[in-house]
Structure formats: structure tokens, C-alpha cells
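This report concerns only the one structure given below.
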Amino acid sequence: MAYVIASGCIDVKDGACVKCCPVDCIYEGVRTLYIHPDECISCGICVSVCPTEAIHDEAELPPAQAVFAAVNREFFARHVSGVGSPGGADYVGPQACDHPVVEAYPVRSEP
Ligand code: SF4
Ligand code: SF4
């Protein structure tokens with residue numbers, strides 16, 4: 001079971017997790033990042049570096065964040081980014097879109 005980026009990353013996106021992921025399976029959208037569910041090896045390394053505690057094992061997602069399992073998965077589908085499964089975020093670079101749930105998320109105000 002893969003890890004999932006939940007709402008804590010939206011409008012934060014500092015990229016700390018990307019730097020430590022050994023398989024480059026964390027992809028960039030406009031307002032947040034997404035973990036590829038088929039490419040993540042569930043090592044858990046990214047969890048400890050996230051400043052907003054946004055990353056969860058899919059099996060342990062807080063109930064209020066449950067939708068983000070589908071958000072991370074569907075981001076790669078043809079009807080959202082169309083990225084598919086390229087085998088690494090570096091192959092495709094940042095995407096100019098987000099999942100509709102993220103697009104509709106209230107803009108995070110400055111701290
Ligand atoms: S759990 Fe491991 S493989 Fe999966 S996104 Fe995090 S660092 Fe990458
Ligand atoms: S470390 Fe956390 S806040 Fe930073 S980009 Fe990754 S998921 Fe987003």
C-alpha cells in the first residue's frame with residue numbers, strides 16, 4: 001500500500017519529500033504534490049521530513065483526509081494530468097494542473 005499526500009501540502013509544497021524519495025515517485029502539480037500509488041515503494045522516508053505532516057500511509061489516513069487516497073491516484077489518470085506511470089517525476093516535470101478536489105480547496109492564507 002502506497003503513501004499519500006493529504007491536504008497539509010496544499011499551497012506549501014516546499015519539496016522536502018521530493019529530495020529524499022529514493023524512487024522519484026512524488027510528482028508536482030500547481031498547488032500540491034502527489035505520490036504515484038504504483039511507483040511508491042512504501043519506504044516511509046518522506047514522512048519524517050514533511051513540515052506539515054501531510055504524508056500518511058494510505059492504510060492510516062485520518063478519516064477527514066480519506067479522499068486524498070483517490071486524489072493521489074486519480075491525479076495520474078487520463079482525465080486529470082494524463083501523466084500515467086512514467087517511472088519517475090523527472091521524466092515529466094511539473095504539471096500545469098491539479099486534481100479537482102485540490103483545485104476547489106480553499107486558498108491557504110499566509111501564516
Ligand atoms: S514512502 Fe518512500 S517511495 Fe513512497 S513517496 Fe515516500 S519516500 Fe517515496
Ligand atoms: S514535504 Fe510535505 S509539505 Fe513539503 S512538498 Fe512534501 S508533502 Fe508537501
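No value in this document is a laboratory result; all are computed from the given coordinates. From a predicted model like this one, the values you see are computed outputs, not experimental measurements. Note that each Cβ is placed from the backbone with ideal geometry, even for glycine, and that neighbours are counted across all protein chains shown.
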Stretch gain in nm, segment Tyr105-Asp57, where the contour uses 0.36 nm per residue and the Cα spacing is subtracted: 15.1 nm
Options Val107, Ala2, Leu33, ranked by Cα towards positive dipole end of the chain, top entry (Cβ charges): Val107
Which of Glu39, Glu74, Glu60 fluctuates most in a GNM of the chain (C-alpha springs under 10 Å)? That residue is Glu60
Hull surface over four for the Cα convex hull of the chain, reported in nm², is 6.4
